[in-house]
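The values are calculated or read from the model by the stated rules, or taken from the named source; none is laboratory data. Worth saying up front: this structure is predicted, and the values here are computed from it rather than measured. Every residue, glycine as well, gets a Cβ built from its backbone with ideal geometry; the counts of neighbours run over all protein chains shown. Remember, those area values only see protein heavy atoms, side chains included, never the ligands or the DNA or RNA. Shrake-Rupley method; radii C 1.70, N 1.55, O 1.52, S 1.80 Å.
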Protein chains: 2
Amino acid sequence: MTSYEIRPIGRVRSPLVDRRDAPRQPDEGAPGAWLEFDEDVRAAVAGIEPDTDILLLTWFHQADRTVLTTRPRDDPARPETGVFGTRSPDRPNPVGLHQVHVEEVDGLRVRVAHLEAVDGTPIVDVKRVIS
Amino acid sequence: MTSYEIRPIGRVRSPLVDRRDAPRQPDEGAPGAWLEFDEDVRAAVAGIEPDTDILLLTWFHQADRTVLTTRPRDDPARPETGVFGTRSPDRPNPVGLHQVHVEEVDGLRVRVAHLEAVDGTPIVDVKRVIS
């Protein structure tokens, strides 16, 4: 089957440096972070507005793409299950999905609250939240 | 910057065949569809449960990846804006994001309600909805 190329459009800048330190969900105390976008997507970044929520898609570059089943870390009572029923970063196409609040937009830099992604995580896409 | 390879894990089977016929949002009347997964992700698909909502990530293979700004189709009064403030499929990394209801799971085939993706759309990932 045809494959497709993800070309990162920026990087997460965060005090989180180790994947094992990253909380699994934002309400578990993830710190704020900067999204640093590349110059060649400046016109697209202009659509991001402060004081809104956005959907941030990342690439979990430290993920294990061979993992198909996991024991959900957020509910140890659940049995081993297929990764498509979980939010585990380990999965065949490790795209991360984060709904985050935009605090500030400064050109190519966007400040967001509570992001559970480590420093250097590649940014794939940003979408408007549909309420 | 390093790029990454998306390897599709299945395809959407839908009566929608033309992108221009696809409603922009599911509440605009998108039809039901089958998700047909590849044999090599069977163990991951086993985590998908009927009568739940899932987040389906697709690859908009017909998208124009050079588009950075757009006039939102769902609100013609809005001015031209950066695609990261919209849900336009045309964007640098055209990953589609769809929250859909699972009606039936039949091995590698999963029936979902109201999916705004055309027949043949590559499937990238499935995630549990966090409520």
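Keeping all protein chains in position, work out how much accessible area A:TRP34 exposes to a 1.4 Å probe, and write it in Å² to the nearest 10.
50 Å²
From largest accessible area down, sort A:THR69, A:THR2; use a 1.4 Å probe on the protein chains.
Largest accessible area first, the residues go A:THR2, A:THR69.
Where does each of A:HIS114, B:HIS98, A:HIS61 land when they are ordered by accessible area, with a 1.4 Å probe and the largest first?
Descending order: A:HIS114, A:HIS61, B:HIS98.
Going 7 Å from the Cα of B:ARG65 in the Cα-to-Cβ direction, what parts of the range B:1-21 have a backbone nitrogen less than 12 Å from that spot?
B:3-6
Calculated FRET efficiency, A:ARG13 and A:ALA77, Cβ-Cβ r, R0 25 Å, to nearest 0.05?
Efficiency at R0 = 25 Å is approximately 0.10.
Suppose every Lys and Arg Cβ carries +1 and every Asp and Glu Cβ carries -1, with no other charges. What dipole size does the protein assembly as shown come out with about its Cα centre, to the nearest 20 debye?
With Lys and Arg at +1 and Asp and Glu at -1, about 320 debye.
Please give the average number of partner chain Cβ atoms lying within 10 Å of the Cβ of each residue in A:88-96, rounded to a whole number.
Mean inter-chain Cβ contacts per residue within 10 Å come to 5.
Grab every C-alpha pair in chain B, bin the distances at 10 angstrom width from 0 up to the longest one, and report whole percents.
12, 42, 33, 12, 1
Connecting C-alpha atoms closer than 10 Å in a GNM of chain B, tell me which of B:GLU39, B:GLU103, B:GLU80 has the biggest fluctuation.
Top of the fluctuation ranking is B:GLU80.
Taking chain A as a Gaussian network, Cα atoms linked when under 10 Å apart, which of A:PRO92, A:PRO50, A:PRO79 shows the biggest mean-square fluctuation?
Of the options given, A:PRO79 has the highest mean-square fluctuation.
At a Förster distance of 25 Å, what's the computed FRET efficiency of B:GLU36 paired with A:ASP21, Cβ-Cβ distance as r, to 0.05?
E between B:GLU36 and A:ASP21, to the nearest 0.05, is 0.05.
Go ahead and estimate [θ] at 222 nm for chain A from helices alone: -39,500 (n - 2.57) per DSSP H run with n ≥ 4, summed, over the residue count, rounded to 500. It would help to have the intermediate numbers written out before the result.
Details: 1 runs with 4 residues, N = 131.
The per-residue figure over chain A is -500 deg cm²/dmol.
Could you tally the net charge around B:GLY107, taking each other residue with its Cβ under 11 Å from the Cβ of B:GLY107, Lys/Arg +1 and Asp/Glu -1?
-2
Considering only the other residues whose Cβ falls under 12 Å of the Cβ of B:LEU97, what net charge follows from Lys and Arg at +1 and Asp and Glu at -1?
Numbers: positive: A:LYS127, A:ARG128, B:ARG87, B:ARG91, B:LYS127; negative: A:ASP125, B:GLU116, B:ASP125.
Here the count lands on +2.
At q = 0.07, 0.15 Å⁻¹, what is the base-10 log of I(q)/I(0) for the protein assembly as shown according to the Debye formula with one equal point scatterer per Cα and no solvent? Please give it to two decimals.
Log-scaled intensity ratios, in q order: -0.22, -1.13.
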